[in-house]
Structures are given as structure tokens and as C-alpha cells.
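Chemist: The structure is given below, and queries will be raised subsequently.
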Amino acid sequence: MAEQPTQAVQDYLKAIHRLGGVKGIVSPADIATELQVKAPSVTGMLKRLADAGWIRYTSGAGAQLSPEGLTEALRVIRRHRLVELFLTKALKLDWSEVDVEAEALEHAISPRLEQALADYLGEPLEDPHGHPIPSRTGEMRHRDLKRLSEFRAGHTAIIREAQDDNSERLRHWQELGLTPGATVHILHYQPLDDLFEVQVGNRLIRLGSEGLSGLRGELVGSDLS
């Protein structure tokens with residue numbers, strides 16, 4: 001039986017989940033980069049997580065979430081995303097501000113407060129950045145999304161998710177109208193200059209792949225070729 005998780009344990013489980021550790025093996029180097037910690041400390045922590053039953057860990061390969069670890073990771077993700085949505089909907093904070101606040105609050109929320117937030121928000125399906133919120137019973141919808149930079153001229157896409165770890169970039173996307181739910185028409189792509197010309201509403205925008213990096217969506221009308 002896994003022990004009651006500390007904040008550090010929760011951060012590691014969430015990071016492993018984000019890096020694909022539900023079905024795949026996540027390397028210690030990737031975890032170190034994700035959490036911005038030194039590699040030797042990651043190795044020691046992974047051994048402790050494995051001993052506690054949160055992960056399966058193979059030295060020299062990496063870590064994968066155990067069923068118990070997945071349940072806990074989804075619980076923390078649910079609380080984080082509920083807090084983000086509450087801060088934007090109820091307290092009117094900007095979507096560029098809420099990730100840092102939710103990071104601090106997610107560890108202090110009781111199951112009772114978690115459900116109170118969910119009830120207040122109407123058991124929502126997505127956070128302000130379009131990321132799916134795990135259900136009370138631990139299910140999370142999977143969507144087959146593509147990076148916006150993978151679309152080409154003639155494609156029309158709906159933005160579904162925006163990466164939330166860069167507040168300046170989030171503010172820039174908001175100013176341009178590149179937010180979840182927006183329809184984006186890819187008018188031209190110049191591969192030599194790596195330059196996209198896209199239309200959002202009545203607005204023409206020119207951005208490179210880096211400017212679109214972190215936005216994910218789905219094609220409207222047909223499949224990607």
C-alpha cells in the first residue's frame with residue numbers, strides 16, 4: 001500500500017504523467033528537465049517512489065506510473081485544473097496568471113473542497129487552457145490533437161489546448177485571438193522562412209513555428225494528409 005504522498009511525491013507523479021509515463025517509460029533526464037532539478041536527486045527520488053509503490057522503476061531506463069501512481073497523479077491534475085478554472089471564472093484572474101497559483105494550492109485542497117469547487121463550476125470538462133479535467137472517478141478524456149505548426153496551407157483547425165507554462169506567451173496568444181475554441185485558417189506556409197500566415201476571425205497573423213509552439217488543435221472537415 002503506497003504511503004500518503006508528500007508535495008514532492010505529487011510533483012513527481014504529475015511530471016511523469018505529463019511526460020507520457022502512463023503507457024511509456026520516462027527517463028530520469030527528462031524528469032530532471034521537467035522539474036528543473038539535478039539528475040542525481042531524481043534517481044534517488046525514483047527509487048523511493050518505486051519502494052512506496054507509486055511507480056515501476058528500472059535503473060538505466062526510467063519510470064512508469066503504477067495504477068496507484070496514476071490514480072494519485074490524476075487526482076492532483078484534477079485539483080490543479082479545477083483551481084485554475086475557479087480563479088479565472090470566479091476571481092477573474094487572467095489565464096496567464098493561474099498556473100503558478102494553482103501549483104501552490106493543488107497540494108492543500110481537501111477532497112471536500114475539491115468536490116465543492118467541481119460542484120460550483122458545474123463539474124467542468126476543461127480548464128481555462130483547454131486541457132481536460134479528470135472526472136471525480138479518475139477518468140480523463142483523450143483527444144488526438146496536432147500541433148498547430150503541423151497544419152499546412154488550406155487547412156482549417158480549431159484550437160483545443162494552449163500550453164500554460166509561459167505567461168508572456170499566453171498573453172500574446174490572447175491578444176492575437178489564438179485561444180481554445182478559436183477557428184484558425186492556414187492561408188500560406190513558407191517553409192524556407194518557416195512562416196505561417198493564418199486568419200483568425202477577420203485578423204491576419206504571421207507567425208513562425210515557434211510562435212505557434214504550444215498550441216494544439218484538430219482539423220476541421222477532413223483528416224491530415
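Chemist: Might you check whether a residue that is surrounded by 15 or more Cβ atoms within 10 Å (Cβ to Cβ), under 17 Å from the mean Cα position of the chain (by Cα) and at pLDDT 95 or above occurs anywhere in segment 179-196?
Modeler: Within segment 179-196, one or more residues are surrounded by 15 or more Cβ atoms within 10 Å (Cβ to Cβ), under 17 Å from the mean Cα position of the chain (by Cα) and at pLDDT 95 or above.
Chemist: What single numbered condition from (1) touching a His at 6+ places or on another chain (Cβ under 7 Å); (2) touching a residue at least 60 places away in the same chain (Cβ under 8 Å) fails to hold for ARG147?
Modeler: (1)
Chemist: May I ask you to list the residues in segment 194-225 that are outside any helix (DSSP H, G or I) and among the aliphatic types (A, V, I, L, M)?
Modeler: Across segment 194-225, the qualifying residues are LEU195, VAL198, VAL200, LEU204, ILE205, LEU207, LEU215, LEU219, VAL220, LEU224.
Chemist: Go through SER149, SER167 for me and flag whichever is modelled with pLDDT under 95 and touching a Leu at 6+ places or on another chain (Cβ under 8 Å).
Modeler: SER149
Chemist: Looking at GLY217, is it open to solvent by less than 40 Å² (accessible area, probe 1.4 Å), in contact (Cβ under 8 Å) with a residue 12 or more places away in the chain and small (Gly, Ala, Ser)?
Modeler: Against the criterion (open to solvent by less than 40 Å² (accessible area, probe 1.4 Å), in contact (Cβ under 8 Å) with a residue 12 or more places away in the chain and small (Gly, Ala, Ser)), GLY217 qualifies.
Chemist: Looking at ASP94, ASP30, can you tell me which residue is open to solvent by 70 Å² or more (accessible area, probe 1.4 Å) and either under 15 Å from the mean Cα position of the chain (by Cα) or acidic (Asp, Glu) (or both)?
Modeler: ASP30
Chemist: With the condition kept exactly as written, say whether any residue in segment 46-56 is in a helix (DSSP H, G or I) and small (Gly, Ala, Ser).
Modeler: yes
Chemist: Separate question: Quick check on my filter: what residues within segment 14-40 are in a helix (DSSP H, G or I), in contact with a strand residue (DSSP E or B) (Cβ under 7 Å, 6 or more places away or on another chain) and closer than 22 Å to HIS142 by Cα?
Modeler: ILE16, HIS17, listed by residue number.
Chemist: Which residue pairs have Cβ atoms closer than 8 Å, lie 6 or more positions apart in sequence or on different chains, and pair a first residue in segment 170-197 that is farther than 18 Å from ILE158 by Cβ and in contact (Cβ under 8 Å) with a residue 12 or more places away in the chain with a second residue that is part of a helix (DSSP H, G or I) and polar (S, T, N, Q)?
Modeler: These pairs meet every condition: ASP194/SER209.
Chemist: For the condition open to solvent by less than 10 Å² (accessible area, probe 1.4 Å), in a helix (DSSP H, G or I) and acidic (Asp, Glu), what is the one hit in GLU103, GLU84, GLU68?
Modeler: Answer to the check: GLU84.
Chemist: Can I ask one more? Tell me, yes or no, whether segment 186-193 has at least one residue that is within 30 Å of LYS14 (Cβ to Cβ) and not in a loop (DSSP other than H, G, I, E, B).
Modeler: No, there is no match, as no residue in segment 186-193 is within 30 Å of LYS14 (Cβ to Cβ) and not in a loop (DSSP other than H, G, I, E, B).
Matching residues to (1) within 18 Å of PRO134 (Cα to Cα); (2) free of Cβ contacts under 8 Å to residues at least 12 places away in the same chain:
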position: LYS38; (1), (2): no, yes
position: ALA50; (1), (2): no, no
position: THR71; (1), (2): yes, no
position: LEU85; (1), (2): yes, no
position: ALA118; (1), (2): yes, no
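Chemist: Output the number of the condition that SER41 fails; it satisfies all remaining conditions of (1) open to solvent by less than 70 Å² (accessible area, probe 1.4 Å); (2) within 30 Å of GLU123 (Cα to Cα); (3) modelled with pLDDT under 95.
Modeler: Just one mismatch for SER41, condition (2).
Conditions (1) closer than 23 Å to GLY217 by Cβ; (2) in a loop (DSSP other than H, G, I, E, B); (3) out of contact with any His (no Cβ under 6 Å at 6 or more places or on another chain); (4) among the aromatic types (Phe, Trp, Tyr), marked per residue:
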position	(1), (2), (3), (4)
LEU93	no, yes, yes, no
SER96	yes, yes, yes, no
LEU113	no, no, yes, no
TYR120	no, no, yes, yes
PRO124	yes, yes, yes, no
ARG141	yes, yes, yes, no
ASP165	yes, yes, yes, no
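The values are calculated or read from the model by the stated rules, or taken from the named source; none is laboratory data. No experiment lies behind these values; they were computed from the predicted model shown. Reconstructed Cβ throughout: ideal geometry from the backbone, glycine too, with neighbour counts over all protein chains shown. These accessible areas exclude ligands, DNA and RNA; they are computed on the full protein's heavy atoms, side chains included. Shrake-Rupley method; radii C 1.70, N 1.55, O 1.52, S 1.80 Å.
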